[in-house]
């Protein structure tokens, strides 16, 4: 239904004598006296069902009084929606502060009649009926303050809920990252395990420096079974951790030191040439020779055999490993405690 706007100021009656306040009146409910005053000066507006009085975010300066029908106030989740009816009012904040962005939308939920109260006519009422309007304004301000406090409380609660959700997500993310690291990490030495190595290989092409190439070193502890048999498995574990530290020390920032299992380690390194890879292999063998275990095994000395080779880009891991393994067994066949890098 189209809006019908008519001015009813002319000839409007001031209504009956001032009535006593109604105790327990709903915050938006107007007394008979207040209704008579507002409808006597406001502009009458007929609205069909579904028609918007105003939308959230629109600027306005008017208040509205409902004579018949119902209006739905929607606050987009900031506050609970409200369905108000005859002798109730809405939009008063815009009237009091002027040119205010509406905090919600007002929609006619059925055919209704409302009166538009503009600032100038409200000022006229304030001059004519100062006590009545002062009581109305006090009640309205009390309601507005309570609504704003509720809105602030809702925002605070929503912010707290959001912070809890974010904390929960961060904890879940950290737990997943920790679980992923644990799955890819050797428990004894803290180096990457085979799963960590394979994960690294999946992204190897992306992390490799274009001016360098991968080189693979395989490190095997000499006579490790004898160490376990003579000194015990606790000493054997200590030896493995110490050798892991030497492999880690020889690794560059973009290299991957790992424990393949048992007493076998590997270092996948980015190098410029065979000489650089050989230097890393010799650094490992020399570092291991200097290891001592004064508390647990004072007489124990340890050595490793290291074999390696440069990795061709068009070959797979199995080829890299096979060639490095051949170099390793060359060292083993020569008595161990040395390094050999294939050209």
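Residue 174: within 30 Å of residue 266 (Cα to Cα), assigned to a loop (DSSP other than H, G, I, E, B) and not assigned by TED's automatic domain parsing to the domain that holds residue 64, yes or no? No: the conditions fail for residue 174. The residues in region 85-105 that are in a strand (DSSP E or B) and over 20 Å from residue 138 (Cβ atoms) can be counted, and the count is 2. Could you tell me which residue of region 182-195 is surrounded by the most Cβ atoms within 10 Å (Cβ to Cβ), considering only residues that are in contact with a strand residue (DSSP E or B) (Cβ under 8 Å, 6 or more places away or on another chain) and in contact (Cβ under 8 Å) with a residue 40 or more places away in the chain? Among those residues, the one meeting the criterion is 191. Flag: residue 336 does not match the condition of being within 46 Å of the chain's Cα centre (by Cα), farther than 22 Å from residue 196 by Cβ and surrounded by 17 or more Cβ atoms within 10 Å (Cβ to Cβ). Please verify whether residue 331 is out of contact with any strand residue (DSSP E or B) (no Cβ under 7 Å at 6 or more places or on another chain), assigned to a helix (DSSP H, G or I) and without any contact (Cβ under 8 Å) to a residue 60 or more places away in the chain, treating the condition exactly as stated. Answer is no for this residue.
For region 109-126, a residue qualifies if it is assigned to a helix (DSSP H, G or I) and modelled with pLDDT of 90 or more, and the qualifying residues are 119, 120, 121, 122, 123, 124, 125.
Return only the number of the condition from (1) buried (at least 23 other Cβ atoms within 10 Å of the Cβ); (2) out of contact with any helix residue (DSSP H, G or I) (no Cβ under 6 Å at 6 or more places or on another chain) that residue 290 does not satisfy. Going through (1) buried (at least 23 other Cβ atoms within 10 Å of the Cβ); (2) out of contact with any helix residue (DSSP H, G or I) (no Cβ under 6 Å at 6 or more places or on another chain) one by one, residue 290 breaks only (1).
If you go through region 28-51, how many residues are at pLDDT below 95 and assigned to a strand (DSSP E or B)? Here the count works out to 1.
Inspection of region 7-27 identifies no residue that is farther than 30 Å from residue 153 by Cα, in a loop (DSSP other than H, G, I, E, B) and at pLDDT 95 or above.
Just checking, does region 312-319 include any residue being surrounded by 17 or more Cβ atoms within 10 Å (Cβ to Cβ) and either in contact with a helix residue (DSSP H, G or I) (Cβ under 8 Å, 6 or more places away or on another chain) or in contact (Cβ under 8 Å) with a residue 40 or more places away in the chain (or both)? No, region 312-319 contains no residue that is surrounded by 17 or more Cβ atoms within 10 Å (Cβ to Cβ) and either in contact with a helix residue (DSSP H, G or I) (Cβ under 8 Å, 6 or more places away or on another chain) or in contact (Cβ under 8 Å) with a residue 40 or more places away in the chain (or both). Residue count for region 198-224 satisfying the condition of being modelled with pLDDT under 95 and farther than 26 Å from residue 313 by Cα: 0.
The values are calculated or read from the model by the stated rules, or taken from the named source; none is laboratory data. Predicted model, so just to flag it, every value in this text is computed and none were measured. Ideal geometry is used to build each Cβ from the backbone, glycine not excepted, and the neighbour counts take in all protein chains shown.
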